[in-house]
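Report on one structure; see the data block that follows.
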Amino acid sequence: MSEIRIWRETPRRYRLEASRCDGCGKLFFPPRPVCDACRGRAFSTTTLPETGRVVSHTTVHSPPSRFGGHAPYTVAIIELDLPPGEPCVRLTAQLTDLEGHDVHTGMPVQLELRRIQEDDRSSVIGYGYKAVPTE
Amino acid sequence: MRDVYAIGVGIHRFGELWDMSLRDLFGAAALAALDDAGVEEVDAAVVGCMASGPFVGQDHLAPLCAEAIGLLPTPVIRVEAACGSGGLALRQGFVEVASGVSDVVLVAGVEKMTDVDGAAATDILATAADQEAEVFHGVSFPALNAMMARAHMERYGTTPEQLARVAVKNHENGVANPDAHFRMRIDVEQVLSAQRVAEPLGVLDCAPRSDGAACLVLCPAELARSAGRPVVRLAGTGYATDTLALHSRADLTTLASTTRAAAAAYGMAGISPPRIDVAELHDAFTITEIIALEALGLVDAGQGGPATERGETALDGRVPVNPSGGLKARGHPVGATGVAQAVEIVRQLRGEAGGRQVRDARVGLTHNVGGVGGTSFVHIFSAC
């Protein structure tokens, strides 16, 4: 993954920046240029909450090559804790710091900024969110 | 719109074929289909191929394919929809003929996957997922399907044994298919104890990577009638998209794109699910066949596992699924799969499927998926 791309994708990875449709309030992570619910094109930047719950998970034993030395590791789909009435936002992340935890659907997690991967050529490190258990 | 018929099919045996190139595979399947159709030339060809660039360093397949079968300067259209590339080729071949733009069209699917090692193949197949939102975080393609499997198991009580029975059945069918990658039986215990890929999926829950090519020849009614050969009507086509990232979907236990594509195909063909006599479904993973059964309306939601366990999808069951062996046993050269499914259904409807023939098959369905359902293709064929 090139250093240019790592730089370009920083706002969503470091700050969980999403966009909220000014017309209907739907949240987009990452941002999109048009709202599929109301066709609106005006958005405001917002920051997503850093806590959520596991929706589904698996342990990767045959990883993509950039993660070759890390297997086995656990990945999950996480639904973020938004106030009642807010639209649902889910994302995919690795679960980490799992010692002593039995990973299960519904498990509460906190997103933390961690090292995700490294570019082979430039050695630039791609940081982003990983989820750690909170219970 | 003109009615569309399949007048010829051809396939090159799937497998780990180190002595054959992408060009060789395409040529063998294409010439077999042209011979079967009794035609020397076509007006156009549509070739489905997911990733010849990363797999063998070759793109710009149009001139390669036309030249390989001695048909320059015939126009060739290469299309890509990940593992659904073959289904997309079939869809676009249908559009060429139905629209009247072309009369005789060669539809092809091809993939050459075994020039690279397993780790490289994992990276290439992961290009079907969302690179920014999923793969950046270390998600593999099997991992996404594993998360769908877990969600299905937790909602419906689907068991690992029921998943395993999909693989066991498809391997059983593959024994009778001379074009299949694997022609050996496996049992439930082997599937359950196989090396884990992404829990709850093990290596025998996953289709292999294979080399292979498959082709068919499409034409309008008047040409089909004069061909003097058994013809099959391509009676319905359906295609729908869904989010690229799995996590953006409200329901992880189904494939909304498949449901929508099926509704379009059933509607065009004027056929309802109970009339399907034989189906080739996209069992890239065991869970995918179970979810496909439900999304296509062949069983109720949540009943894919129990129906499989009861033998309803076996060769002699209520709705035989994957008589060819499916992706699991016939093999899964990704771009070729959607066309290979159509080749099998045409052979079934002609009564030419030998030891895996489904009795009295008159209406057949193919279901091909790109990624984890970012694209789905459903086609319905009927015997004439």
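Here, each number is a calculation from the coordinates, and none is a lab measurement. Just so we're clear, the structure is a prediction, and the values are computed from it rather than from any experiment. Positions of Cβ are generated from backbone atoms using ideal geometry, with glycine treated the same way; all protein chains shown enter the neighbour counts.
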Residues with beta-carbon under 12 Å from that of B:ILE124, excluding B:ILE124: net charge, scoring Lys, Arg +1 and Asp, Glu -1? -2
How many angstrom separate the Cα center of the stretch A:70-127 from the Cα center of the stretch B:153-172? 29 Å
Going by how many other Cβ atoms sit within 10 Å of their own, how do B:ASP24, B:ASP360 line up, fewest first? B:ASP360, B:ASP24
D_trans [Stokes-Einstein, Kirkwood Rh over alpha-carbon pairs] for the stretch A:1-91, 25 °C, 0.890 mPa s, µm² s⁻¹: 162 µm²/s
Reach of A:LYS26 by Cα under 19 Å, taken over lysines that are not fewer than 8 positions away in the same chain: none
Which number do you get for Rg(Cα) / (2.2 N^0.38 Å) in the stretch B:1-107? 1.03
If you take the square roots of the eigenvalues of the alpha-carbon gyration tensor of the stretch B:55-124 and sort them as a ≥ b ≥ c, do you get rounded (a/c under 1.5), prolate (a/b over b/c) or oblate? oblate
Distance in nm between A:ILE4 and B:ALA119 label points, each 7 Å along Cα→Cβ, equals 2.7 nm
Using R₀ = 22 Å, calculate the FRET efficiency as 1/(1 + (r/R₀)^6) where r is the Cβ-Cβ separation of B:ASP35 and B:VAL101; round to 0.05. 0.35
With r defined as the distance between the Cβ atoms of B:CYS384 and B:GLN131 and R0 fixed at 45 Å, what FRET efficiency is calculated, to the nearest 0.05? 0.50
Nearest 20 debye, what's the magnitude of the dipole of chain B about its Cα centre given +1 on Lys and Arg Cβ and -1 on Asp and Glu Cβ? 840 debye
Take B:ILE77, A:ILE77, A:ILE6 and order them by how many other Cβ atoms sit within 10 Å, fewest up front. B:ILE77, A:ILE6, A:ILE77
Cut-off 13 Å between beta-carbons: net charge of the residues surrounding B:ARG359, Lys and Arg +1, Asp and Glu -1: 0
Farthest towards the positive end of the dipole of the stretch B:331-371, among B:GLY354, B:GLY364, B:GLN341 and with Cβ unit charges of +1 on Lys and Arg and -1 on Asp and Glu, lies the Cα of B:GLY354
Return the sequence-ordered ³J(HN,Hα) values of the stretch A:112-118 in whole Hz as given by the Karplus equation 6.51 cos²θ - 1.76 cosθ + 1.60 applied to θ = phi - 60°, using x for Gly and Pro. 10, 6, 9, 6, 9, 7, 10
Given unit charges at Cβ for Lys, Arg (+) and Asp, Glu (-), the dipole magnitude of the protein assembly as shown about its Cα centre in debye, nearest 20, is 780 debye
What's the magnitude of the charge dipole for chain A around its Cα centre, counting Lys and Arg as +1 and Asp and Glu as -1 at the beta-carbon? Answer in Debye, nearest 20. 620 debye
Have a look at the DSSP beta bridges in the stretch B:240-384 and tell me what percent are antiparallel, nearest 5. 70 percent
Just for chain B, what percent of DSSP beta bridges are antiparallel, to the closest 5? 70 percent
Mean per-residue count of partner chain Cβ within 10 Å for B:250-257 equals 1
Can you tell me how much longer the chain between A:HIS101 and A:GLU118 gets when fully stretched, taken as 0.36 nm per residue apart minus their C-alpha distance, in nm with one decimal? 3.4 nm
Cleavage-rule hits, GluC sites (Glu not before Pro), the stretch B:246-325, DSSP coil, Cβ neighbours within 10 Å at most 10: none
Cysteines of the protein assembly as shown without any disulfide-compatible partner (other Cys Cβ under 4.7 Å) are A:CYS88, B:CYS49, B:CYS65, B:CYS83, B:CYS206, B:CYS215, B:CYS219, B:CYS384
Given charges at Cβ of Lys, Arg, Asp, Glu: chain A dipole, positive-most of A:MET1, A:PRO63, A:CYS24: A:CYS24
With n ≥ 4 as the cut-off for DSSP H runs, can you work out [θ] at 222 nm for chain A, using -39500 (n - 2.57) per run divided by the number of residues, rounded to the nearest 500? -2000 deg cm²/dmol
Mind listing which GluC sites (Glu not before Pro) in the stretch B:7-96 are in a DSSP loop and have 11 or fewer other Cβ atoms within 10 Å? B:GLU40, B:GLU41
Which value in Å is the Kirkwood Rh of the protein assembly as shown over different Cα pairs? 23.4 Å
Would you mind counting up the charge near A:SER123? Only other residues with Cβ under 13 Å from its Cβ, with Lys and Arg at +1 and Asp and Glu at -1. -1
Hey, if you put +1 on the Cβ of every Lys and Arg and -1 on every Asp and Glu Cβ in the protein assembly as shown, which of A:ILE125, B:GLY87, B:LEU192 ends up farthest toward the positive end of that dipole? B:GLY87
Sorted by Cβ density within 10 Å, fewest first, the residues A:MET1, B:MET148: A:MET1, B:MET148
